[in-house]
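The values are calculated or read from the model by the stated rules, or taken from the named source; none is laboratory data. It should be emphasised that the depicted structure is a prediction, and the values quoted were computed from it without experimental measurement. Remember, those area values only see protein heavy atoms, side chains included, never the ligands or the DNA or RNA. Shrake-Rupley method; radii C 1.70, N 1.55, O 1.52, S 1.80 Å.
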Amino acid sequence: MAKYLAQIIVMGAQVVGRAFARALQQEYAASQAAAKARGSSAQHSAAASSITGMTAQEAQQILNISTLTPEEIQKNYEHLFKVNDKSVGGSFYIQSKVVRAKERLEEELNIQTQQKKQQKTET
């Protein structure tokens with residue numbers, strides 16, 4: 001009796017192990033396909049996010065920007081930088097967040113212009 005019970009347990013474990021291995025292979029293949037679909041633009045954006053420590057969306061929220069234009073970025077940056085200056089009672093922490101947000105959005109603009117140049121050369 002114990003022998004049959006042990007065989008059932010071993011066979012069940014093998015079935016579950018095979019199913020898990022197949023699911024893992026399918027998930028890996030799906031993630032590779034998604035990464036290829038995203039292309040290099042997502043890689044550049046992710047790299048910029050990891051360097052500056054914030055996403056482009058977070059940077060847009062900090063600078064209160066809806067569209068990525070250099071003029072709007074500079075205008076909002078200058079205003080928020082002056083308002084948060086320590087000499088007028090502002091916060092150095094918030095001022096540094098404003099600087100990092102500007103840097104991140106400028107990097108995002110560079111990534112977008114590089115993509116546009118690449119698309120023009122490919123067509």
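A few comments on the model shown:
- Segment Ile94-Arg18, extension gain: residue separation times 0.36 nm, minus the distance between their alpha carbons: 22.1 nm
- Apolar share of the accessible surface for region 52-123: 50 percent from carbon plus sulfur atoms, 1.4 Å probe.
- Cα-based reach from Lys82 at 25 Å (exclusive), listing lysines while leaving out same-chain residues under 8 positions away: Lys97, Lys102
- Surface per residue (accessible, 1.4 Å probe) for region 84-123, Å²: 73 Å²
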